[in-house]
Every structure is written in structure tokens, then in C-alpha cells.
């Protein structure tokens, strides 16, 4: 719309400017014709001897003596006497004329058919009281004599508009030239000789021609022949150019204002029309920020009913988004119900399995302690039952813990000295894996975090056990603890073979194993890192892994304990 309005304004302005310039140039041309008349030059179509062009008889025009000595229409008729002061029919000359002679009136030549200087070119002025000849008004006063006798161009530019120029051309050369001083009525300014060829080349057809006269600017020039000379008169185009420039400035300002106004109005209209779409987008953005990946999701956000009008495009989009959100909400509710049933089953099964597993393990230990001799194969079987029941008990305990964490049960909260916990956990790992090199990098002061001490110790134990299980003997395991931006940063790094890139994305999934044979031989259940991720998340922390051949780094971030935190209590679900 703005582009179309711009095109219309530009087109209208261009057409208006061109039309105005043409009109103003036409006015200048008419002024130039009037200037020719004021300079005494014949108008277009006038005959050189003032005769009637249609007659072509060479006789003088009205106001001159006829070729036969007959007085003009302005004299007394029928008596051959002059019209000035003579009595009708008495043959008495006026003003002391001889009897019987046709004495010319002032301004008329004797009856030889030759016009006087005053009547040259048909511009004689009738005496006071005499009516205009041929019913035409009196013309301007003529210049004194032909152009060849002018002392300067004053007769041609006197009484003309400011900056009018005139030149007399004879034999192709400018003999006289000048320009009226705009600040004086009598001063005549010289025209540079370099412009004379331009003035001499103006066609003597009486029509206006445009010429660029350099420093003088653009002029409209007209030339006519007079008594063997060509008189060139020119009017400046500066007033026209100034007017056109002012018009262009005004049009540009109005166009700019119109465009700004139209742009502002268009922006308001577009902004108002897009408000429903912005509300729909805000609803979608609000939904995108919800944690939809786990747990129960209350997807109650909907597009307002005012933005679901089926008669508008935005309304149809809003209605479609509401239907989609309803389907997603139903799917999430079904997923949550299924997960709840699975968690409940796992929790119930784990809880129910704990008692028989404890009984099996107890009876196996009791049998092994019997003092009566037991065959070797039976003793081996009893030991296998005891170890497998212990591993099964650990698996059941891990599943039960994950089920409780998934259910969002809060953990115990309190100040935990993570520095002392790291020292204890690394000491336990050194006992479990004496063939590894265990190193510590701890700050001198205690690092306190807010959390459940038992579960945080389990996180440390699982990370160290993972490093011991998946690295060969002689590997170096470094455990470091620092603080950064309100968080405790725990890092467990080893120089083992690393984790393949395709397995790093699943390392925190349940029952994920890197080397299955080694994990099973070490008694791993595949739930250690899953428990790490769940416990850290329950403490509002994060855990990441960065691995490459020769180095694996697990980084845990936990919020530091502050005075505002209660010393005892419960952590909200993560």
C-alpha cells in the first residue's frame, strides 16, 4: 500500500510539475511576444510595409496617405485637404498649408505612400480625440528610428521586465547587446562576448526558443528582422525555475508528510490487525516453556475465545491451536497415567521383593555358617545364591529409589559438607579398586550444599564406581571440587578409553551399559548413572558428560547452601 501510494504521489507530482512548467513557459512566451510589441517589432504575420497582408497591393495601411494623395480614413473626406485643423470642403490647408495641397497630419508623410518614422511598421499613434484606426487600440510608442541607428539596446529593453536582454544582429554578428539591470530602471548591463554566437543563431521567426546562456541562466529568446537587422529579445527562465523548484519542494514535503502519515496509519492498522496473532503466538510460546518431557503436565493454556473466530484467518489458526493443545493434553495425561501405573508397579514389586530376597540371602548365609561339613559344590552353590541375592537386592533398591524419585517424592534437605563427603567416597573407592590411582583436588575450605546427604553420597559412589568399572587397572581417577557462580562444581575425570559418541547421549538412561561383559562381571545393574541423574535433578542441579579417547569427565553442579536455606527440611521435587 505504501509503495502504491508512493507511486501515485510521484506520478501526480511529476505530472503537476510538468504541466505547471509548460504553463509558465507559455506565459513567458506570451510576455516575450508582448515585449516584442513594446520594442516596436512587428508581430507575427505583420507585413513589412504595414499593408494588408491579404491585399498584397503595397498600399499604406490606415493612418498613412494613400498612394494617390487621398487622405486616410482619419482625414476629412472628399476635399483633398488635411484632416488637422482644416474646414470641411474649403481646401484650406491646416497649420499654414498651401491651398490645394493635401497637407499630412502630424505623424504622416506627404502623399507619396511612404510611411513616416512615427508610422513605421504600422504603430502610429493617433492624435488626441481621433478614434483608433481599424478599431484597434493604440500600440506602444515606437523606438526612435531603425535598429541600425540605435546607440544601444535601451529602446528595446526600456519598460521591459527585469533581466530582459536584447541584441541587434547584422550580417550574422551582434552589433549591440545588453541586459536590463534588475536593480535599476536605466542601467544596462553588458552581455559577455562569448554569448554573442548563441544570440546571433536565434532564428528570426518571431517564435520563442530556449537557450542556455551560461552564467546568465536559461532564457527564452525571440528574434525578428527589422530594417535589415535582426533584433533579439529574451526573457529569463529563472522565475519559472524558481517557481517549479518551490513547487517541487512543497510537493516533496507534502508527499513526505503524506507518506509518514500513511506509514504511521498503516503501521497502526497492521499492528492492530496482528494483535490476535501476537496473542496466539504468546500462547504457543507459553506452551513451549512447559516441561512436557516428564511428570504430570497441567496443559491448561489455551488461545482466548476472542481470537478463535472462524470468520478470520487468525481465528482459524487460534481454533486449530486449541484443538491441537487439547489432543496434546490428552496424550500427556494418558502418558502420565501409564507412567504412574508403571512406577507404582515397580515400587510395589520392589517393595514386595525385598522381603523374600532378604530371606534367601539370610538362609544362604546361615547355611554357609553351619559347622557341619558341606560338599564343595554345595558350598559354591550357596555362595552363588548369596551373591546373586545381594545383587538382586541392590537392583530392587535402585528401582525403588528411581520409582520414588520419578513420583516426585521430596528428599531430605540440610547443609551437607561436600568436601568431607568427597574424601570419604574416594577412600571407599580406593579400597574397592586398589589397582587404580585415586587423586583429590579440593579447596581448603568446606563447600556446603543444600541436599540429602545419603543420596549425594550415592551420587559420588556411583560416579567413582563407574570410573573404576569402565577403566583398566592403573588408570588415574581425579576427583575435584570447586565453586562457581553460586554452585558447587564436582568433577570426576579419568584417563580411560572413553565413551563412544553414539553412547554418550544414552549414558544416563536406565540399564545403559558401555561394556556389558565388564559391567556384569563387576556386578553393575546399569542403573548407577540413571540414579546419579535423578538425584542431581531432585537437588535442582545438573550433570553432564564429556568424553573422548583417553579422557572422560563427569561434571555435577549443585546449588550452594545459603543462610536463607533451612538447616533441616525437605527439598521440593526437582
Of 494, 406, 441, which residue is surrounded by fewer than 21 Cβ atoms within 10 Å (Cβ to Cβ) and free of Cβ contacts under 8 Å to residues at least 60 places away in the same chain? 441
Can you tell me which of 366, 357 is surrounded by 14 or more Cβ atoms within 10 Å (Cβ to Cβ), farther than 30 Å from residue 278 by Cβ and modelled with pLDDT under 85? 357
Matching residues in region 227-236 - criterion: being more than 12 Å from residue 166 (Cβ to Cβ) and either at pLDDT below 90 or not assigned by the TED database to the domain that holds residue 177 (or both): 227, 228
Residue that is surrounded by the most Cβ atoms within 10 Å (Cβ to Cβ) [pool: residues in region 302-329 that are without any contact (Cβ under 8 Å) to a residue 12 or more places away in the chain and in a loop (DSSP other than H, G, I, E, B)]: 309
Mind telling me which of the residues 394, 419 ends up being more than 60 Å from the chain's Cα centre (by Cα), closer than 30 Å to residue 447 by Cβ and in contact (Cβ under 8 Å) with a residue 60 or more places away in the chain? 394
Pairs, please: C-beta under 6 Å, at least 6 apart or cross-chain, first residue at pLDDT below 85 and in region 170-185, second in a loop (DSSP other than H, G, I, E, B) and surrounded by fewer than 13 Cβ atoms within 10 Å (Cβ to Cβ)? 181/187
Say whether the condition of being touching a helix residue (DSSP H, G or I) at 6+ places or on another chain (Cβ under 9 Å) and modelled with pLDDT under 85 is met by at least one residue in region 317-339. yes
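The values are calculated or read from the model by the stated rules, or taken from the named source; none is laboratory data. Being a predicted model, the structure only gives us computed values, none of them experimental. For neighbour counting, all protein chains shown are included, and Cβ atoms are generated from backbone atoms with ideal geometry for every residue, glycine included.
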